[in-house]
Structure formats: C-alpha cells, structure tokens
Amino acid sequence: MHRTRVMIRTLGVATAVALAATACGPQKAESTGSASASPSSPAAGASPTATSDDKPAEPSDSASPKPSASASQSPSAKPSSSVSPTPAVKPIMANGDDTEQVRELQARLRQLKLMSVAPTGFYGSKTTAAVKTFQSKNGLTATGSVDAATWKKIEAASKKPTPQELNPPTVNEPDAPDPNCMQGRVMCISKESRTLAWMIDGKVVSTMDVRFGSENTPTREGVFDVGWKAKDWTSTIYHTPMPYSMFFSGGQAVHYSADFAARGYSGASHGCVNVRDKGKLSALFDQVQVGDKVVVYW
C-alpha cells in the first residue's frame, strides 16, 4: 500500500517502520483490549483512566478474634468489650474516577460557579477542590469525594445539565503547565484537562483538545522528544490513517483523529494523543521540529 511520508529525521525505511509498529488507531472506550496491550508491551504505561481501587474496603468479620475454649470456661473471663469500627462512607464518585456521572457532576458544579473548565468526565484535582468548596458551604464534611448526602445536595442546588452543558463545543481550558514545560519548545499535554498546549520558553502559543488511550492501551506519561514526523501516515497495526503524526515514544504519536472529531470522548486511541482540530494541528505540525520536547502528565 502506497504511503507518502515526510521524514524530518534521517532514518532508514526499516527503522521508521519498526518505530511505528505500535502506531495506534481509534477504539471504543469500552474496548477490552488485546494481548498486545499488556503492561509489558511497548504501548504500556500509566493508565489514563483511574479505577476505584483506592476506595476504603469493608471491614472483615474475620478480623475480630474469637475467644479460646479455655477463656470461655474460666469463671473470671469477661466478654470482650471491643466494638468493630464504623465503616467509612463509601463515595459515589472520588478522585481518579472517569465516568459519565462525573461529567454530570462537573456540569452541575459549573452551573454553581464552582468550576470554570469544561466537563471531561475525569475526577481530578480541580473537581476535588470544587467539591470541597461545595461541602464547606453546605455544612458537609469537606472530603472532596461525593457521597450520597453531597450528591443529593448538589442535585437540589442545580438543574439537570443539557447535552450542550455536558459536551460544550468550546476548547477545554488548559491545565497549569508541568514544571518540565517551562523551558524550550514543548508540547505540554495534560491528561486531567485533556489539552495540548504548544509552549515556547514558558509562553503558551496555542492550545487544542486531545484524548488518550484506554485503560488497556494507555498513553505513556513522562518527558520525551519528538523522534520523527510524518504528514501522511497509516498505522501498520490498525491500518487507520494518522495524519500529521509526531512520534515521541515508540509508536505513540500526537496525530489528527477523524474518529475523535466525529465521536469526541466516546472513543479512545490505542495509546496515541488524538487531536480533533485538524487546522490547529496542521499549523502545529509545521512549527514542531524533531528534538522538541513532549511532556505528558496528570
């Protein structure tokens, strides 16, 4: 199959194909992934979608010691006065969750002027801070997590979000830059705000919405360099177009995604950083040089 490649770095054809062997394509958010997405594969890394594994576990009944036979037969033995601790209230939503209910929560918090960023569905530090503020103002314990009592009050204080409020057409507000983004030429990519900020010496030149890989095929986090670029590229694994690809970690690249443009955050990549504004990415592609920094962070 013929493909036109614009290779800025001097690489052999075999090397370029090898680097792109893990190149990603779109997938549904509910995809279960495949064996190639295991943590040991090239596409592995920290997951962009957190789970609720850090929620408090229910206390075990087996934790209370049982009296021995000798103790129960002794006339001096007294029944234990220990009381099992009251289990913590299990939150409905908490830091690290990534759900449509979180999107609704964020939209309601925007109605209450407690959040300025567009809903993303990811429960991060900004959502936690907004929830704490609401709880403090409404006589609730300021945990930053949403339990049943907090959710009931938020629902009472706001209205059901419209589709436009849940998925506003405006670009997401960029997150505070990672310290590694403050010097040089950097594509500064925040997983929490789901934005890419093109920065030069600490100044934001342009921003755009992005999406990432699913839990099974996560986008790697860290500090990288643009290794090579290809204006017209097709994934060698998923056989999907990847226009304006800027590869920064093996087969993971920043590139335009028609699927992202059509479905938004209902889908996910196989590890790449998808951009849905083709015009903005085209302009960025012309500015970015091989060797420029790429920072992916929460």
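The values are calculated or read from the model by the stated rules, or taken from the named source; none is laboratory data. Note that the structure is predicted; figures quoted are calculated from it, not measured. Please note: Cβ atoms are built from the backbone with ideal geometry, for glycine as well, and neighbour counts cover all protein chains shown.
Only one of the listed residues (Ala197, Ala176, Ala230) is among the small types (Gly, Ala, Ser), under 21 Å from the mean Cα position of the chain (by Cα) and at pLDDT 95 or above. That residue is Ala197. When the residues of the range 156-183 are filtered to those that are part of a helix (DSSP H, G or I) and touching a helix residue (DSSP H, G or I) at 6+ places or on another chain (Cβ under 7 Å), the one that is surrounded by the most Cβ atoms within 10 Å (Cβ to Cβ) is Glu165.
Here is a yes/no grid of residues against (1) over 26 Å from Phe122 (Cβ atoms); (2) in contact with a Cys (Cβ under 7 Å, 6 or more places away or on another chain); (3) in contact (Cβ under 8 Å) with a residue 12 or more places away in the chain; (4) surrounded by 23 or more Cβ atoms within 10 Å (Cβ to Cβ):
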residue: Thr234; (1), (2), (3), (4): yes, no, yes, no
residue: Pro241; (1), (2), (3), (4): yes, no, yes, no
residue: Met246; (1), (2), (3), (4): no, no, yes, yes
residue: Ser257; (1), (2), (3), (4): no, no, yes, yes
residue: Asp286; (1), (2), (3), (4): yes, no, no, no
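Within the range 264-284, if we keep just the residues that are surrounded by fewer than 24 Cβ atoms within 10 Å (Cβ to Cβ) and under 23 Å from Arg103 (Cβ atoms), the residue that is farthest from the chain's Cα centre (by Cα) turns out to be Asp277.
Note on the range 193-298: enclosed strands (runs of 3 or more DSSP E) holding 3 or more residues that are farther than 21 Å from Leu166 by Cα are 195-200, 203-211, 222-225, 228-230, 245-249, 252-256, 293-297.
Report, by residue number, each residue of the range 114-168 that is among the basic types (Lys, Arg) and within 25 Å of the chain's Cα centre (by Cα). Correct list: Lys126, Lys132, Lys160. Can you confirm whether Val186 is crowded, with 19+ Cβ neighbours inside 10 Å and part of a strand (DSSP E or B)? Judged against the criteria, Val186 is a match.
Only one of the listed residues (Lys153, Lys113, Lys132, Lys126) is in a loop (DSSP other than H, G, I, E, B) and closer than 23 Å to Met93 by Cβ. That residue is Lys113. Taken over the range 190-211, the criterion of being over 15 Å from Asp277 (Cα atoms) and either loosely packed, with under 14 Cβ neighbours inside 10 Å or not charged (D, E, K, R) (or both) is satisfied by Ser190, Ser193, Met199, Ile200, Asp201, Gly202, Lys203, Val204, Val205.
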